[in-house]
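Engineer: Provided herewith is a single structure, encoded as structure tokens, for subsequent inquiry.
The values are calculated or read from the model by the stated rules, or taken from the named source; none is laboratory data. Worth saying up front: this structure is predicted, and the values here are computed from it rather than measured. Positions of Cβ are backbone-derived with ideal geometry, glycine not excepted, and every protein chain shown enters the neighbour counts.
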Amino acid sequence: MQQTIVIKIGSSSLTSGEGGLNREKINFFARELAALQKAGNRVLLVTSGAVAAGFTTIGYLNKPKALHEKQAAAAVGQALLMQAYNEAFQKDGVSIAQILLTRADFSNRQRIQNALKTLQELLAHQIIPIINENDTVAVEELKFGDNDNLSALVANFVKANQLIIITDMDGLYTEDPRINPAAKRIERVEQFSDELYQMAGGSGSSVGTGGMRSKLEAARIATRGGVSVFIGSVLEQGDLTTAVADCGKGTYFAPESHSLSMKKQWVGYHSQSQGTIYVDQGAEAALIMGGKSLLPAGVTESTGEFIPGDVIEVRNFEKRIIGRGIVNYAAWQLQAVYGLSSEEVQKRVEVQRIEVIHRDEWIAI
Ligand SMILES: Nc1ncnc2c1ncn2[C@@H]1O[C@H](COP(=O)(O)OP(=O)(O)O)[C@@H](O)[C@H]1O
Ligand SMILES: N[C@@H](CCC(=O)OP(=O)(O)O)C(=O)O
């Protein structure tokens with residue numbers, strides 16, 4: 001069966017710790033991806049490695065931390081990365097294309113629809129799109145940073161069958177094996193839990209960014225969109241095909257059977273939030289367990305200058321994010337009715353809908 005497969009390769013798998021590209025590895029991955037495409041699949045690559053590839057050319061001794069330095073390194077490295085991929089894929093007679101995206105592009109309907117049409121056109125012509133974050137223009141607060149989340153959004157957007165996240169570790173372990181060598185690998189995940197998130201730590205290498213935590217977040221986003229996910233290693237010839245065939249060296253995540261609608265995906269993951277609403281424990285339970293809408297009675301505070309129709313974040317009494325939704329009140333209207341009954345609210349403000357967030361426009365995170 002022809003499948004649409006998004007493959008994400010992290011910096012740790014493409015570069016050396018001291019910076020610079022590892023051409024042998026790039027040639028190897030190009031061969032693996034070409035084989036997958038020749039087997040009849042639609043293949044997209046999300047690649048990291050621009051910063052790690054470029055920083056030595058600029059003269060930095062280590063992977064830079066300041067944003068302007070990372071952006072400069074990425075500008076140098078992205079060209080080197082594409083040059084290396086181009087030469088590698090040419091050997092297998094495969095053409096490639098470069099796509100650079102930012103988080104802001106996903107929140108803009110027209111821009112992302114254009115990107116989708118471009119991707120579809122490329123795939124129809126057997127060209128492998130190679131996607132990275134547009135590091136030089138991304139603003140710090142809105143950066144993907146690690147590409148794991150970017151790969152999940154891409155996978156959902158193209159309605160991929162599988163997302164394969166290739167890293168330097170053969171899957172998710174009960175603890176970072178670099179810290180505890182006795183940690184055990186988790187073969188399959190059917191359901192996400194707090195316990196699972198506690199296992200996943202940050203990056204263990206000098207070139208990686210998000211570690212297992214951001215990979216787990218990406219797996220959650222993609223599986224909610226109906227995409228199967230694999231996190232693991234691809235080291236030898238045939239490993240990628242094996243990973244796609246459900247017997248790779250890593251951890252598999254089952255897709256949710258009732259995947260989120262495009263609208264809910266947009267609310268939860270693509271859109272930019274314009275403010276935050278804080279709710280009490282009763283409202284949290286109603287939203288999370290009861291499948292109910294949020295009413296003013298459960299709101300304790302809000303921040304941001306939102307207007308009706310904006311997407312906002314919802315946080316609980318511990319200030320932990322619990323979800324996102326489309327708000328039916330302007331910030332000033334909501335401020336006038338915190339904690340009030342719906343009857344009281346109607347006397348004080350004029351709103352289209354009494355619910356602060358309707359349950360159909362709410363997504364738990
Ligand atoms: N529970 C865990 N299981 C496996 N790896 C983990 C875990 N927690 C943290 N890690 C770390 O995550 C790293 C992979 O993430 P990262 O360095 O961001 O790689 P990449 O560049 O491939 O995205 C591993 O090298 C490992 O040290
Ligand atoms: N867009 C950046 C990604 C940075 C990064 O380190 O990501 P990752 O290796 O996936 O954790 C780059 O190309 O360098």
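Engineer: Take the residues in region 114-142 that are surrounded by fewer than 19 Cβ atoms within 10 Å (Cβ to Cβ), over 24 Å from MET1 (Cβ atoms) and among the charged types (D, E, K, R), then tell me which one is modelled with the highest pLDDT.
Structural biologist: LYS117
Engineer: May I ask you to say which residue of ARG178, ARG220 is within 12 Å of ligand 1 (Cβ to nearest atom) and over 23 Å from ASN27 (Cβ atoms)?
Structural biologist: Details: ARG220 fails: within 12 Å of ligand 1 (Cβ to nearest atom).
Sole residue among the options that is within 12 Å of ligand 1 (Cβ to nearest atom) and over 23 Å from ASN27 (Cβ atoms): ARG178.
Engineer: Please count how many residues of region 47-67 are in contact with a helix residue (DSSP H, G or I) (Cβ under 7 Å, 6 or more places away or on another chain) and not aromatic (Phe, Trp, Tyr). Steps first, please.
Structural biologist: Pass one, region 47-67, residues in contact with a helix residue (DSSP H, G or I) (Cβ under 7 Å, 6 or more places away or on another chain): 47-55, 57-58, 60, 63-64, 67.
Pick out the ones that are also not aromatic (Phe, Trp, Tyr) and you get 47-54, 57-58, 63-64, 67.
Total meeting the criteria: 13.
Engineer: Taking region 194-214, which residues are assigned to a helix (DSSP H, G or I) and out of contact with any Ser or Thr (no Cβ under 7 Å at 6 or more places or on another chain)?
Structural biologist: Answer for region 194-214, where residues must be assigned to a helix (DSSP H, G or I) and out of contact with any Ser or Thr (no Cβ under 7 Å at 6 or more places or on another chain): ASP194, GLU195, LEU196, TYR197, GLN198, MET212, ARG213, SER214.
Engineer: Can you run down the residue pairs with Cβ atoms below 9 Å, 6 or more apart or on separate chains, where the first is in region 183-205 and in contact (Cβ under 8 Å) with a residue 12 or more places away in the chain and the partner is assigned to a loop (DSSP other than H, G, I, E, B) and loosely packed, with under 12 Cβ neighbours inside 10 Å?
Structural biologist: Cβ pairs passing all conditions: GLY201/ILE179; GLY204/ILE179.
Engineer: Now a separate question. Could you tell me which residue of region 1-57 is nearest to ligand 1 (Cβ to nearest atom), considering only residues that are of a type in the set (A, V, I, L, M) and under 13 Å from ASN147 (Cα atoms)? Step through it out loud before you land on a result.
Structural biologist: Step one: list which residues in region 1-57 are of a type in the set (A, V, I, L, M), which gives 1, 5-7, 9, 14, 21, 26, 30, 33-36, 39, 43-46, 50-53.
Remaining after also requiring under 13 Å from ASN147 (Cα atoms): 6-7, 9, 45-46, 50-51.
On the way: VAL6: 15, ILE7: 12, ILE9: 7, LEU45: 14, VAL46: 11, ALA50: 12, VAL51: 11 Å.
That would be ILE9.
Engineer: Among the residues of region 235-254, how many are more than 19 Å from LEU150 (Cβ to Cβ) and not in a helix (DSSP H, G or I)?
Structural biologist: Within region 235-254, residues that are more than 19 Å from LEU150 (Cβ to Cβ) and not in a helix (DSSP H, G or I) number 13.
Engineer: A further question follows. Report whether or not SER95 is more than 15 Å from ligand 1 (Cβ to nearest atom) and either surrounded by fewer than 22 Cβ atoms within 10 Å (Cβ to Cβ) or in the same structural domain as LYS143 (by TED's automatic domain parsing) (or both).
Structural biologist: Working: more than 15 Å from ligand 1 (Cβ to nearest atom): yes; either surrounded by fewer than 22 Cβ atoms within 10 Å (Cβ to Cβ) or in the same structural domain as LYS143 (by TED's automatic domain parsing) (or both): yes.
Judged against the criteria, SER95 is a match.
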